[in-house]
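K.L.:
The structure that follows is given in the form of structure tokens.
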Amino acid sequence: MLKIVTTILCVYMLVRCVLPLRCKRPLKMLLALLVLLVGFRLHIFSLLYATFNPELPRWVLVSTGVPHVLFFLLALLSLLRDGVCLIWWLARRLRPGLPALPGSNRQMAALLLVALVMTVMAVPAALRIPDVRTQEIVLPGLPPALDGLRVAQLTDLHISRNFPAEWTRAVVDRTNALRPDIILLTGDLMDGSPALRREDFAPMADLRAPLGVFACPGNHEYYSDLPAWRPVLHAHGITLLENEAVVLPVRGSHLTVAGVTDNVAGRFGLPGPDPHRALEGTPRPRILMAHKPELFHETAPEIDLQLSGHTHGGQVYVPGFGAPIANSRYGQKYLRGLKEENGRRLITSVGLGTSILPVRFCSVPEIVSIEWR
């Protein structure tokens with residue numbers, strides 16, 4: 001699918017943005033070659049290294065990622081431009097007195113400038129140390145012992161060459177500084193096998209919370225050889241919950257924390273998500289960790305709070321309009337933030353890292369600090 005989309009975008013950019021330029025043929029040929037090289041960056045990586053995320057120095061990944069991001073932003077803006085041009089053409093057919101739009105060269109220059117500004121904003125935003133976002137949750141009937149309970153949610157770290165040990169250390173230090181009662185990791189913690197990610201992942205062993213550190217797998221755990229990661233997570237003090245739950249004693253009361261697998265598990269011969277099995281027989285209040293927010297549609301009556309990630313907040317987010325690509329079966333509905341349905345609550349965090357494209361526009365990476373009331 002990605003190859004088809006990339007091919008279509010490359011052809012579109014050549015036809016709509018390069019060929020119409022009023023410049024000499026050698027320059028057009030050079031620009032066309034650059035469009036193909038930049039547009040097919042991931043496929044070139046795949047051919048050379050058999051992966052979209054090769055084990056290359058971070059500066060190589062970032063320096064090739066910047067023009068790749070610029071390419072896709074420019075393609076999106078160009079598509080938007082063509083939509084506006086079509087509407088304007090129809091309007092001029094109805095009202096011939098309307099002025100013509102600027103020529104294609106001027107349009108292209110303006111689009112390129114906007115795409116450059118967005119890229120300069122979006123790439124550093126994706127690679128930065130995450131901010132802390134505080135979210136207060138009011139749960140009717142909450143046991144007094146749990147009032148003020150602080151939960152730290154980390155999701156979509158994607159620890160990799162783009163997010164190495166130094167970045168992971170900063171995330172751990174910032175999380176510990178919150179002094180959370182419990183830390184919940186909602187999937188996509190790493191990209192790569194334990195042999196490749198051992199040093200980059202090592203700081204995660206220093207996460208500290210009185211009630212413990214728990215995780216559920218995301219789709220990238222399966223891509224990164226989940227069976228090999230299980231003992232590594234255990235050695236780092238992280239309890240992995242796969243369609244199971246733990247009941248934690250808290251100040252004379254209790255809290256149920258459950259985690260489910262991801263729906264890509266079946267491709268690897270492993271059990272898919274089964275929230276009903278995970279929650280069966282457990283007391284309330286219940287927190288469910290599910291990497292993808294879609295499960296909230298069916299688990300809402302059984303839980304008090306679901307924590308999810310996966311969407312990255314769209315990565316490229318336009319306030320008032322949402323994300324051009326919403327990586328969720330429910331589109332914009334569960335894209336980011338707090339949602340409430342039938343008295344139950346879902347928090348979809350935009351996450352900390354990124355995969356494939358190092359870009360975040362109006363989707364600031366975050367550590368979520370949840371306070372129960």
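K.L.:
For the chain, give me the percentage of DSSP beta bridges that are antiparallel, rounded to the nearest 5 percent.
P.N.:
Around 35 percent of the beta bridges assigned by DSSP in the chain are antiparallel ones.
K.L.:
Here's another thing I want to ask about it. Using a 1.4 Å probe on the protein heavy atoms, what percent of the accessible area of the stretch 1-59 belongs to carbon and sulfur?
P.N.:
Ligands and nucleic acids excluded, carbon and sulfur reach 75 percent.
K.L.:
Can you give the accessible area per residue of the stretch 126-201, in Å², using a 1.4 Å probe?
P.N.:
37 Å²
K.L.:
Now for a separate question. Can you grab the distance from the C-alpha centre of the stretch 278-296 to the C-alpha centre of the stretch 185-250, Å, no decimals?
P.N.:
So the separation of the two Cα centres works out to 18 Å.
K.L.:
Could you order L33, L48 by accessible surface area, starting with the largest, using a probe radius of 1.4 Å?
P.N.:
Correct descending sequence by accessible area is L48, L33.
K.L.:
So what's the stretch 215-373 giving for Cα Rg divided by 2.2 N^0.38 Å, two decimals?
P.N.:
Relative to the rule-of-thumb radius for its length, the stretch 215-373 sits at 1.05.
K.L.:
Just the accessible area per residue of the stretch 223-352, please: how many Å² with a 1.4 Å probe?
P.N.:
42 Å²
K.L.:
Whole Å is fine, so just give me how far the alpha carbon centre of the stretch 107-130 lies from that of the stretch 349-373.
P.N.:
Taking the Cα centre of the stretch 349-373 as reference, the centre of the stretch 107-130 is 18 Å away.
K.L.:
Mean separation of Cα pairs under 8 Å and 6+ residues apart, divided by the residue count of the stretch 123-258: what relative contact order is that in percent?
P.N.:
Across the stretch 123-258, relative contact order equals 23 percent.
K.L.:
Largest first, please: the extent of the C-alpha atoms of the stretch 1-150 along each principal axis, to the nearest Å.
P.N.:
72, 50, 28
K.L.:
Shifting gears a bit: Which sequence of W59, W89, W167 reflects their accessible areas, 1.4 Å probe, from the largest down?
P.N.:
Result, largest first: W59, W89, W167.
K.L.:
Quick check: at a probe of 1.4 Å, how many percent of the accessible area of the stretch 231-320 sits on carbon and sulfur atoms?
P.N.:
That share works out to 53 percent.
K.L.:
Amide H to amide H under 5 Å from R133: which residues, 5+ apart in sequence or cross-chain, H placed 1.01 Å off N in plane?
P.N.:
When sequence neighbours closer than 5 places are left aside, the close amide H contacts are I367, V368, S369.
K.L.:
Then there's this: What helices does the chain hold that run 20 Å or longer along their axis, going by alpha-carbon atoms, with a Kyte-Doolittle average of 1.6 or more, using DSSP H for the helix calls?
P.N.:
25-39
K.L.:
Under the Kirkwood approximation applied to all pairs of distinct alpha-carbon atoms, what is the hydrodynamic radius of the stretch 90-227 in Å?
P.N.:
18.9 Å
K.L.:
If you roll a 1.4 angstrom probe over the protein chains with everything in place, what fraction of the accessible area of the stretch 93-212 belongs to carbon and sulfur, to the nearest %?
P.N.:
About 59 percent, which is the carbon plus sulfur part of the accessible surface.
K.L.:
If you don't mind, another one. Taking the Cα centre of the stretch 1-113 as origin, sum charge times position over the Cβ atoms of Lys and Arg (+1) and Asp and Glu (-1), and report the length of that vector in debye to the nearest 20.
P.N.:
The calculation lands at about 560 debye.
K.L.:
Give me the three principal axis extents of the chain from the C-alpha atoms, as integers in angstrom, largest value leading.
P.N.:
Principal extents (Cα only, largest first): 77, 50, 38 Å.
K.L.:
Report the one residue of A215, P275, T354 whose Cα lies farthest in the direction of the positive end of the charge dipole of the chain (charges on C-beta: Lys and Arg +1, Asp and Glu -1; origin at the Cα centre).
P.N.:
Checking the options against the dipole of the chain, the answer is T354.
K.L.:
Let me ask something else. Please list 3J(HN,Hα) in residue order for the stretch 207-215, calculated via the Karplus relation 6.51 cos²θ - 1.76 cosθ + 1.60 where θ = phi - 60°; whole Hz, with x for glycine and proline.
P.N.:
For the stretch 207-215, the Karplus-derived couplings read 5, 10, 7, x, 8, x, 10, 10, 9 Hz, x marking Gly and Pro.
K.L.:
When we measure straight from the Cα of K339, which lysines land under 20 angstrom away, once same-chain ones fewer than 8 places off are left out?
P.N.:
K292
K.L.:
Another question, if that's okay. How much accessible surface area, in Å² rounded to 10, belongs to the heavy atoms of H236 with a 1.4 Å probe?
P.N.:
30 Å²
K.L.:
Still on this structure, I have one more. Compare M289, M121 by solvent-accessible area with a 1.4 Å probe and give them largest first, with all protein chains kept in place.
P.N.:
Heavy-atom accessible area, descending, gives M121, M289.
K.L.:
When the convex hull of the C-alpha atoms of the stretch 1-89 is computed, what volume per residue in Å³ does it have?
P.N.:
Convex hull of Cα atoms, per residue: 106 Å³.
The values are calculated or read from the model by the stated rules, or taken from the named source; none is laboratory data. As the structure is a computational prediction, the values presented were derived from the model and not from experiment. Cβ atoms come from the backbone with ideal geometry, glycine included; neighbour counts cover every protein chain shown. Just the protein is used for accessible areas: all its heavy atoms, side chains included, with ligands, DNA and RNA removed. Shrake-Rupley method; radii C 1.70, N 1.55, O 1.52, S 1.80 Å.
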